[in-house]
1. Return the long-range amide H neighbours of residue A:520 (sequence gap of 5 or more, or a different chain), with a cut-off of under 5 Å between placed amide H atoms.
2. Apply the Karplus curve 6.51 cos²θ - 1.76 cosθ + 1.60, θ = phi - 60°, to the phi angles in region A:103-119 and return the couplings in whole Hz, x for Gly and Pro.
3. Sum -39500 (n - 2.57) across every DSSP H segment of at least 4 residues in chain B, then divide by the residue count to get the 222 nm mean residue ellipticity, nearest 500.
4. Please give the Cα centre distance for region A:636-684 versus region A:82-131, rounded to the nearest Å.
5. Cut-off under 27 Å on the C-alpha distance; same-chain residues fewer than 8 positions from residue B:94 excluded. Which lysines are left, in chain and number order?
6. Let me know the shape class of region A:224-346, please: from the alpha-carbon gyration tensor, a ≥ b ≥ c as square roots of the eigenvalues, rounded when a/c is under 1.5, otherwise prolate if a/b is greater than b/c, or oblate.
7. So for each of B:718-730, A:440-452 I average, over its residues, the number of other beta carbons within 10 Å; can you give me the resulting order with the highest mean first?
8. State the answer as a single residue: which of A:469, A:682, B:358 lies farthest towards the positive end of the charge dipole of the protein assembly as shown, with beta carbon charges of +1 for Lys and Arg and -1 for Asp and Glu, about the Cα centre.
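No value in this document is a laboratory result; all are computed from the given coordinates. All values derive from a computational prediction rather than experimental measurement. Ideal geometry is used to build each Cβ from the backbone, glycine not excepted, and the neighbour counts take in all protein chains shown.
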Amino acid sequence: MRACLLLFALIVTSEPPSKVDPSLPFRTDQSNGHLPWYRLKPGEFPPLGSEHVVKGVLLEADFIHRSGQFRRTDDGTLVDFTLPPYGTVFYLNAEADLRDVPLGTLLHFGTYQDNQGAFTRVATIRDDFTLTADLRLDAIKVAEGKLNVSGGTPTGRELRVDRHTRFWKGDKAVKIGDLTIGDRVRINLSGNDLCAEVWVGVETHRLTTEAQRRRHTAFVKERGLACWIDRVEGKRLTVTLFGDPEGLRGLLKEERIEPTQRWSVGAVVGNDELRTYNPPVDRKQAIVLESQPVATLGHGCGGVRWVIEPDLLLEGFRKGRVIRLFAHPSWPVNDMPFGESLYSEVSGFRPDPVDPNLYPYRTDSGKDHLPWYRPKPGELPPIDSAHEVIGELLKINENGRSGRFRVDRSGEIVDFIMPPYGAVMYLDAETDLQDVPLGTRCRFALHQDERGAFTRAAVISDEFTSLANRRLTYRLDSVRLVEGAILVATQHALVKDEKEAMVRPPDFGRATFAVDDRTRVWKGEKQGTQGDLSAGDVLLFNTTGRTTLSRGTCTDIWVGLETHKLATDRQRARHIAVIKKGGFPAWIDRMDGKRITITLFSGTRRDFPSLLNGDPNGGTVTARLADDNLRPIDGPPLKLIYLGHPPDSDIAGTYGCSGVRWLLEASELPQSFRPGQILRVLKSD
Amino acid sequence: MRRRTLLSLAIGTLALGSGSAFAGAAPADFATDVGPFLARYCVSCHGEAKAKGELRVDTLGKDFAETRTAGRWSEIMDRINSGEMPPPKEPRPKAEEMVRVSEWISAQIMGAEAERRASLGEKVSFRRLSREEYRNTIRDLLGVTFDADDPAGLPEDPDWQGFERVGSVLTLSPAHIEKYLAAAESVLDEALAIGARPKSEVTRWSAAKLRVRDDIAAELATRGLLDQVRADIVPNNGALDARDLQIATPGEYAVRVKLSGLRPEGGRAARLRIYAADIGRTLIDRDVIAAEDQPVTLEFRAHLPAGTHLIRIVNAVPGPNPEERASRPLNYRPFFRMSARQPWQIKLTDDSGKPIWPTILLDWIEWEGPLQESWPPPAHKRIFFGGESATKDVTYAREVLARFATRAYRRPVRPGELDRLVALYENSRRLGEGFEASVRTGLLAVLCSHSFLFLVEGSAEHPSLGLNDWELASRLSYFLWSTMPDDRLLDLARRGKLHEPETLRAEVRRMMGEPRIAAFAESFPRQWLQLRRVGMFQPDRKIYPEYDEYLEKSMVGESTSFFREVLTHDLPIREFLASDWTMLNAILAHHYGIPGVEGEEMRRVPIGPGDHRGGLLTQASVLGLTSDGTRHRPVHRGKWVLESIYGNPPPPPPPNVAAIQPTMPNGPKTSLRAKIEAHRSEPNCAGCHRKIDPLGLAFDQYDAIGRWRTVEEIRDGSGANPVINASGELPDGRKFADASALKALMVDDVDKFASAFAGKLATYAMRRGMTFDDRKALAEVAANARRRDYRLAMFVEALVLSDLFQKR
């Protein structure tokens, strides 16, 4: 039934369909071209048939955040997608998690419009194995790398195979030579007409589906059944379980969860990504008082509604919120792996203490109705106040503190200027802008200029830095140089488990990246070749910017943790040399007679203490006036006595802040010294 | 074995002297009851012929003041009560006979005890001020608050039959002497302006300071969000929110708290309790109702000693386990508003934003002090009456000390006493101290002298049973105000007028109209009804989750404010037995299921028969103090009625009394009454318990925390919970159906209650036990009160005007 519905919806037309279906109050792929598309609503499963089906090849899958990217097969454009909480993945004709689906697989995305009208919200993902009936193998052309099949839509197709195509018989991998004309096959493609995987024989299909079903059952038992709360009445919650109704029914039956009498479940709070916090501690015992079938199904609706009563209501037990239920006492109640568990984020090494909705200005996280924060003279702007734009660095101006970049996707060109406190992070080290190679994709934290354009760059950082900050690396899964691609999985650094042993948390996501002749490979202190890459390597890399058709191409790949450290250390050493020559950038906060308080700038509080190498206790500081580009202005340096830290020294939470303020005293202060004046300062040795 | 189970209940036999209908017939008598009993059942083995166990009952003395004699009689009573004597093979006495013997022995023992407490044999009696009286006296003498209940204050006073002011019980230990010295130093430091004026400072604890980790607070500050942080204080948070408060200078502090208090619909308000854990003192305990976006600022005063105080900020309402993470505050994710709490935290508002739990949202707490409304303090000005223009010499010092000592001693200072005080001043001056500091040494000696710390009555040189006017002023003042006499009383004493009946009557009436009468209205019922025992056995939180400190305080508050209401409106004391009104606040009304009462203040609320309240006996305090932490105790309740209402406490239970067996898990659910009745079927128990039990079982329809019920909830056992039968029969044969009917019978017998009440009032006023010799005088007091319908204020007046009151 499910397959038939999807097959019916598969035909995507660019022209609005002229057929009218009065039973549906929205446009579909087949009818009602005069009506708007169905828009997703909070607390409502989208009606079956309301989706706009788009075919695409999966390029990136962030299964923690239930998002990813695919390339449309019709026009080659890239689509970033997210799954709503009830979004369902079918793979190998069974329910699956996004992590089960190999990158490069051609999939059918049941999409809905986001707030901007783009079809990026995906309620269903299905592979060909799930959607199509068995095909008949009509011809095998080994030398040409082709197979002819019939029975599908369109029927009578010629498909390609290459050295990456895998063939399965029973539970074993076979070779193309083991195929026979007349075999019943199911095929998942990788792009148009290129076979990724071929399953041979009806029994193979059954075994494959069964294996995936078991895998998903185990996955659900480890994490609990996901559902959302329809209603809260007193202490009672009415919840609707997510998933494929048929699969869910089978799972409940298999687990002997009989909805005929009251039983106890463990209820844990979650978020829209179906992630939980700390189930062993947060779990509340809840009695299931009632089980009802859901009359009207929608995408993602499991067809079952339970009324439960927890022993204590938690904030997360609210209408519309997602919770997970450990539905049987035998299900182990454990934390999700590191990185997937939300609690590791809120209580971890760098918790964000603030709900972004609290800011009295607009941020990338919300409050769209408010104006953005405008930097004020003499004040360092607060963290999160900048608008992050990602793009490729195209030009660096002669002053070394301004330049140009091209925004990802839109291609918009932005001329940016760095304020004095603006910082550049490259290879996880603070640096000067000139050190960043042109053509590098960077993140620009921008404030508005006088005209309201986002041109004032508080921080510029490359992808290497961004990953290193989150202690992430890529693990090379597959090298496909012929295709100009590498397949990687994102992985966390080692963490301590409950026995204090260092363990590697599960992958964070997977992605495909392009490489070309210009891609440089670094291994140890030397530059290597792309041929040095092999599966299992731990990588960090920078890429070029992205367009609507390109995910960007790797510019530099650093292979191995040692290489990463070496790259960072070298960059740091280079920056230290620059600082030693020119001095630390700073500005004058305030003046009191012959005393001044200065704030030292830095892009990283973390590294600054080692860069500073201690305060000049009992010593002096040499200060030179500098312009807004941090360039020293001609004139003799001034010697000041270091008096210590002022009471408000411990500053944090701002861009450009080193976390260090100095109180200095001069025998006489020149007129040019005034609050807001930029300085370059050095400890006098 | 039989004797061990014979009396398994807590109470043994009765020893009733009043002849109350609730106790039985005329009091037992040696000639008619005890002598014949001993001759018939005991002398054969314990007489001249055998004297088994070296005991002869035929020659045993009857001076119960003699400890050894009293001990032997006590043993005889125990042996009879337990069924051990007479031995099994000997003829058995009737149960009624045994009861009569026990009653007589018990009455003699208690009479002797009262004699000892009366201390009548002394030429001079010294009755130490109680802790409460000391505090009040310091307040009125020096205008300074002394925190007597703090650990650094004074030891808790022992009680005798609930009364905490009986002279022979209030002994003086070495610990007291140290404490009195320290207290005197402390209060003089605060009262006198010796040295620089203490600087008043303001300490403010923002919610961020209380809750947020320093590094995160720094981030919030730079993002401009620090001021928006609030502290979400969930119910029952216990010790989760605590901070040290440094107090350099002791004194009066203004405490301001900005907060919201969210109250669930139909539920309890959030309750702010600020508790100084190190001194065990609650600084404020108040309901707070204020919307999240409409915080209020509370202000109150607290007297704080110097030191580091561990301040706990508590939302003192019952709630979920505070140890669970769901209830704990976070120091890494500050709270800003209710709609942005962490999902794993306890849900405080429902989906429409209405509060589910009473919750406090705290913005800040501010401590300002020490407050000095004038400098020098008023007490300093009064003591150093001459001001700065006075000649600071020994003459002036003598006059200063004489005036102070006269007020402190509550009588004129004697020349010899004054000389010793002046000598202290002179010594200090010789050592180089300033004038005020030297006078202070004399003041210190006054505050540590026995004439200040004790109420001294009588004179070794001129023995007399009557009180002089100075002594009368003190007795009257400490009776009604629990503090020193005011200037008017002292003036009347000085003029020798106070003892004159009309003057005394006028003074009693004046004193009862003063705010200080609150001390009597609060203290007397607390001691008479033994309210100190409320909550002594903390009710089990699993069985009674709604029970908390505030409810307990309100329970006691009902009884004391009920007393005050009767006193203020001069109502008859029969209101204590049954009334169509009571005093309630919101929480107690909720506890009783009486609608329409809001707020914390106790107010008079009319009640009907369906409310099942009225009078003292069905107040939750009384029902609670006669229960244990898990269930009601009918025998304790009966004993309390006999003791507190009729002044005839039964004797203690015999030794080796077995406990009542709990209901077996698989057995049928059995009411406590049924279990007690099973014990009462034993002939030896029946005689006593026939008198005690009905007075307790009548209140079975009230559980251990005083809630009305019709069914006794039994946790163990099978079958339905038993329906409660509260009916009973008095020893005189009158029957009643329930507590309400019993109260009606008690009102009919109000004279008996009045007689006992006169004794209780006199014990409190005269600070000694009442003896046989006092009976006549007490009867006169009761008779005088009866002529005025036993109206309470008149009752008090009758006592003060009686001969009894004006004698030692």
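1. Those qualifying (amide H under 5 Å, at least 5 residues apart or on another chain) are A:556, A:557.
2. 4, x, 7, 6, 10, 10, 9, x, 9, 9, 6, 8, 5, 8, x, 7, 7
3. Mean residue ellipticity, 222 nm, calculated: -12000 deg cm²/dmol.
4. 56 Å
5. Cross-link targets: B:50, B:52, B:62, B:639, B:675, B:691, B:735.
6. On the way: a/c = 1.41, a/b = 1.34, b/c = 1.06.
Taking the square roots of the gyration eigenvalues as a ≥ b ≥ c, region A:224-346 is rounded.
7. A:440-452, B:718-730
8. The residue sitting farthest along the positive end of the dipole is B:358.
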